[in-house]
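J.: My questions all concern the structure below.
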Amino acid sequence: MTSEPEQQLGVGTQDAFQRLWTPHRMAYIQGENKPTGPGAGDGCPFCSIPAKSDEDGLVVKRGEQVYAVLNLYPYNGGHLMTVPYRHVADYTDLTAGETAELGELTKQAMTALRTASGAHGFNIGMNQGSVAGAGIAAHLHQHIVPRWGGDTNFMPVVGHTRVLPQLLADTRKMLAEAWPTA
């Protein structure tokens with residue numbers, strides 16, 4: 001199926017491509033919400049999120065030592081992170097209680113994502129240090145990214161764009177309602 005080029009003002013040379021604008025990603029690209037240093041008082045978003053309401057902070061579940069929050073710049077719809085309240089950078093520096101609760105909240109996140117969205121699988125992991133790809137290396141966080149059969153398409157490969165079908169506030173509400181009781 002071919003289509004006639006549409007007039008798209010301000011995009012340069014007219015062509016047959018449709019454009020999916022994702023201006024919210026520019027905040028991430030430009031480093032918005034990134035800490036200014038390694039300390040808890042250096043603007044660490046993971047330290048400031050717990051002081052917000054669940055809705056404003058996109059918190060899905062609060063534990064005693066760890067909380068679950070939606071990723072503000074998700075890889076996929078429903079992309080959660082489990083984060084210790086304590087500002088700690090390295091997994092080996094977690095207490096036994098933090099390690100146990102991080103694991104338990106990760107299991108609960110998987111259950112909630114399966115219940116709420118029918119996730120078929122997950123990518124789960126953490127990047128330790130900026131050289132390993134951690135966007136916020138000073139505060140440990142584990143990613144829980146739901147996956148579905150057939151969820152890969154040309155957009156990330158060709159367009160370096162993710163298509164997310166739901167607003168983060170709606171996803172947070174859906175997952176909070178689906179979160180299993182302990």
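The values are calculated or read from the model by the stated rules, or taken from the named source; none is laboratory data. Treat the numbers as computed from the prediction; the structure is a model and nothing was measured. Ideal geometry is used to build each Cβ from the backbone, glycine not excepted, and the neighbour counts take in all protein chains shown. Only protein heavy atoms, including side chains, enter the accessible area calculation; ligands, DNA and RNA are left aside. Shrake-Rupley method; radii C 1.70, N 1.55, O 1.52, S 1.80 Å.
J.: Give the residue, chosen from V60, V88, that is over 10 Å from the mean Cα position of the chain (by Cα), of a type in the set (V, I, T) and under 20 Å from G39 (Cβ atoms). It would help to see each step written out before you state the result.
T.: Numbers: V60 fails: under 20 Å from G39 (Cβ atoms).
After ruling out the rest, the residue left standing is V88.
J.: Could you figure out which of (1) open to solvent by 30 Å² or more (accessible area, probe 1.4 Å); (2) more than 19 Å from A169 (Cβ to Cβ); (3) of a type outside the set (K, R); (4) part of a loop (DSSP other than H, G, I, E, B) isn't true of A134?
T.: (1) is the only condition that A134 fails.
J.: Could you say whether any residue in region 77-84 is surrounded by fewer than 20 Cβ atoms within 10 Å (Cβ to Cβ) and of a type in the set (S, T, Y)? Step through it out loud before you land on a result.
T.: Applying the first criterion (surrounded by fewer than 20 Cβ atoms within 10 Å (Cβ to Cβ)) to region 77-84 yields none.
The answer is no, given that none of the residues of region 77-84 is surrounded by fewer than 20 Cβ atoms within 10 Å (Cβ to Cβ) and of a type in the set (S, T, Y).
J.: So which residues in region 87-109 are touching a strand residue (DSSP E or B) at 6+ places or on another chain (Cβ under 6 Å) and hydrophobic (A, V, I, L, M, F, W, C)?
T.: As a first pass, look at region 87-109 and keep what is touching a strand residue (DSSP E or B) at 6+ places or on another chain (Cβ under 6 Å): 98, 101-102, 105-106, 109.
Of everything in region 87-109, those that are touching a strand residue (DSSP E or B) at 6+ places or on another chain (Cβ under 6 Å) and hydrophobic (A, V, I, L, M, F, W, C) turn out to be L102, L105, A109.
J.: For T115, all conditions in the list (1) surrounded by 15 or more Cβ atoms within 10 Å (Cβ to Cβ); (2) under 23 Å from P35 (Cβ atoms); (3) in contact (Cβ under 8 Å) with a residue 24 or more places away in the chain; (4) polar (S, T, N, Q) hold save one; what is the number of the exception?
T.: (2)
J.: Would you pick out the residues in region 142-182 that are modelled with pLDDT of 85 or more, in contact with a Ser or Thr (Cβ under 7 Å, 6 or more places away or on another chain) and surrounded by 14 or more Cβ atoms within 10 Å (Cβ to Cβ)?
T.: Selection gives Q142, I144, P146, A178.
J.: Ok, one more. For the structure I just gave you, tell me whether Q108 is under 19 Å from I49 (Cα atoms) and modelled with pLDDT of 95 or more.
T.: Details: under 19 Å from I49 (Cα atoms): no; modelled with pLDDT of 95 or more: yes.
Judged against the criteria, Q108 is not a match.
The rows are residues; the columns are (1) at pLDDT below 95; (2) open to solvent by 20 Å² or more (accessible area, probe 1.4 Å).
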position: L20; (1), (2): yes, yes
position: P50; (1), (2): no, yes
position: V69; (1), (2): no, no
position: A96; (1), (2): no, yes
